Amino acid sequence: MKPNVLYFVCHDLGRALGCYGAGIPTPHLDAFAAQSIRFTDAHCASPACSPSRACAMSGRYAHQTGALGLSHMGWPLHLRHRTTVDDFNAAGYQTILSGINHERHPRTDRYEVDMTREWDDWKLPRAVDNALAALRERDPARPFYLNIATQEPHACIWKDVGGRIPPMPPDWPGWTPPGMPLTPALEAAFRRFAAAVVFLDREFGRLLAGIAELGLADDTLIIFTTDHGMAGPRGKGSLYGLGTEIAFLMRLPDRACAGSTHSFPLSNISFRATFAEAAGIETVDTPAGASFWPAVRGKESPPEDAIFLSRNFHGEKPWRTEDDYIDCYDPIRAVRTATHLYIRNFRPAAKPPEPLPAVGCVPDQDPKNWEVSWTLPTHSRAEEEIYLLTEDSLELCNVAHDPAHAIVLADLRSRLDSWMAATGDFLPAPPPLRHEEPGWGPNWPS
């Protein structure tokens with residue numbers, strides 16, 4: 001009997017879990033990590049919601065599929081591209097979706113059972129309830145592939161803190177990522193973020209309890225991850241570590257390798273091939289990302305010593321205004337190894353540079369504007385950036401123009417050029433036109 005597969009992907013978490021050293025109490029996920037394999041250097045291939053999920057599901061880079069931006073801004077993963085869902089459908093699995101489908105329009109992703117009908121289906125409690133209900137009603141003679149994807153802890157649900165989401169206790173000391181100043185605006189934002197993460201942890205614990213009660217815990221491969229890094233300065237939408245880093249935990253049915261860690265650079269572009277190999281099935285086509293399953297089982301070295309990252313479009317507000325969201329085109333490519341991060345900005349003037357701690361902060365900023373509560377540098381972005389990860393883990397000192405690193409610069413520049421050519425990147429030419437007009441598709445409430 002092939003294993004069941006449960007793929008849980010939340011929104012905007014990064015690695016903000018206790019098991020990754022964050023100061024947020026996440027006891028259920030920490031206990032799950034102790035039973036799982038924990039990956040400490042996992043990243044998304046494209047740090048925006050829809051592009052990242054499209055990369056993970058299709059096993060192809062954003063510029064190979066046209067999923068260059070948010071699906072509801074006209075960049076959905078086209079239906080001609082095969083995904084993990086197609087792999088498991090072809091292998092006879094019952095495929096189930098509970099929660100948000102953000103790589104395509106709702107109810108277009110070829111799941112056999114798709115339970116998304118209204119906005120509240122995207123929220124954690126409803127997603128967990130629907131998933132457990134589907135498992136109770138499934139055909140027990142068939143294995144299942146269940147994708148649970150939730151909004152939490154995306155910043156759009158922080159408004160629910162104090163309502164359906166309990167706030168952090170008054171005596172909680174607070175937490176921000178390393179190197180980030182604790183301004184009043186950021187402190188208030190991260191208290192809401194932490195409350196949403198604690199809520200996520202509680203609901204994930206409820207899901208695990210339900211899986212155990214149904215007698216499915218010992219024959220189900222359970223994967224927990226997120227789409228990209230947390231929101232905030234130098235986070236989501238950027239190719240710095242805080243923007244691309246993801247939590248990634250795999251609990252094997254036999255609990256093999258429980259509590260072990262892997263520190264090799266890993267991209268979610270490899271998820272599709274890896275999940276198929278772990279389940280003992282074939283992909284219906286050939287993904288760009290190679291399976292790292294043999295490395296997980298200790299049989300081979302990791303397939304790659306570098307991962308490649310890209311940013312194209314992302315819906316965001318213009319800097320320091322309250323205007324509506326725009327589809328910001330800011331093309332960036334990067335290559336990340338265990339020791340270096342090389343970034344190439346193709347339109348340095350598209351946005352201001354990300355803020356640095358050394359520049360200072362604005363302590364009296366309105367908390368509504370927490371994303372810009374950290375003073376922006378006055379200089380423009382460089383076309384190239386290199387960070388020495390072994391010495392500069394916060395990626396604050398760009399050494400691209402230091403002659404001492406000229407050999408590394410030339411090597412990483414060449415590797416990025418080769419990858420772009422091999423994967424058919426459109427850069428430096430203009431991007432292709434969006435597939436369709438912005439919208440949520442024909443199956444969704446306006």
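The values are calculated or read from the model by the stated rules, or taken from the named source; none is laboratory data. Nothing here was measured: the structure is a model prediction, and the numbers come from that model. Note: ideal-geometry Cβ built from the backbone for every residue, glycine included; neighbour counts use all protein chains shown.
Couple of notes before you dig in:
- Flag for residue 160 being within 20 Å of the chain's Cα centre (by Cα) and acidic (Asp, Glu): no
- Where a residue in region 331-350 is at pLDDT below 95 and its partner, wherever it lies, is among the small types (Gly, Ala, Ser), with Cβ under 7 Å and at least six apart: 348/380; 348/382; 349/380
- In a residue-by-residue description of region 36-53, the property of being closer than 30 Å to residue 333 by Cα, out of contact with any His (no Cβ under 6 Å at 6 or more places or on another chain), among the polar types (S, T, N, Q) and surrounded by 24 or more Cβ atoms within 10 Å (Cβ to Cβ) applies to at least one position.
- Any hit, region 33-42, residues being within 11 Å of the chain's Cα centre (by Cα) and modelled with pLDDT of 95 or more: yes
- Selected residue (only one of 220, 244, 226 is of a type outside the set (Lys, Arg), out of contact with any Lys or Arg (no Cβ under 6 Å at 6 or more places or on another chain), buried (at least 23 other Cβ atoms within 10 Å of the Cβ) and under 20 Å from residue 28 (Cβ atoms)): 226
- Residue within region 278-289 that is over 30 Å from residue 428 (Cβ atoms), of a type outside the set (Ser, Thr, Tyr) and in a helix (DSSP H, G or I) present: yes
- Number of residues in region 150-182 that are in a loop (DSSP other than H, G, I, E, B), surrounded by 12 or more Cβ atoms within 10 Å (Cβ to Cβ) and not acidic (Asp, Glu) equals 16.
- Count of region 267-303 residues which are over 17 Å from residue 6 (Cα atoms), crowded, with 16+ Cβ neighbours inside 10 Å and of a type in the set (Ser, Thr, Tyr): 3
- Of the residues in region 100-107, at least one is within 18 Å of the chain's Cα centre (by Cα) and basic (Lys, Arg).
- Cβ pairs under 7 Å, 6+ apart, first in region 399-417 and free of Cβ contacts under 8 Å to residues at least 60 places away in the same chain, second surrounded by 13 or more Cβ atoms within 10 Å (Cβ to Cβ) and in a helix (DSSP H, G or I): 399/405; 400/409
- Of the residues making up region 100-121, those that are touching an Asp or Glu at 6+ places or on another chain (Cβ under 7 Å) and under 23 Å from residue 274 (Cα atoms) are 101, 110.
- Residues of region 222-246 satisfying the condition of being assigned to a loop (DSSP other than H, G, I, E, B) and within 16 Å of residue 45 (Cβ to Cβ): 227, 228, 229, 236, 237, 238, 239, 240, 246
- Region 431-446, residues that are surrounded by fewer than 14 Cβ atoms within 10 Å (Cβ to Cβ) and under 13 Å from residue 63 (Cα atoms): 432, 433
- There is at least one residue in region 92-115 that is in contact with a strand residue (DSSP E or B) (Cβ under 6 Å, 6 or more places away or on another chain) and within 26 Å of residue 242 (Cβ to Cβ).
- Answer from 194, 189, 134 - the residue that is part of a helix (DSSP H, G or I) and under 22 Å from residue 84 (Cα atoms): 134
- Of all residues in region 60-112, those satisfying the criterion of being without any contact (Cβ under 8 Å) to a residue 24 or more places away in the chain and closer than 20 Å to residue 131 by Cα are 89, 112.
- Filtered residues of region 242-263 (kept if touching a strand residue (DSSP E or B) at 6+ places or on another chain (Cβ under 8 Å) and not small (Gly, Ala, Ser)): 244, 245, 246, 248, 249, 250, 251, 252, 253, 257, 261, 262
- Test: residue in region 106-123 that is modelled with pLDDT of 95 or more and at positive phi: yes
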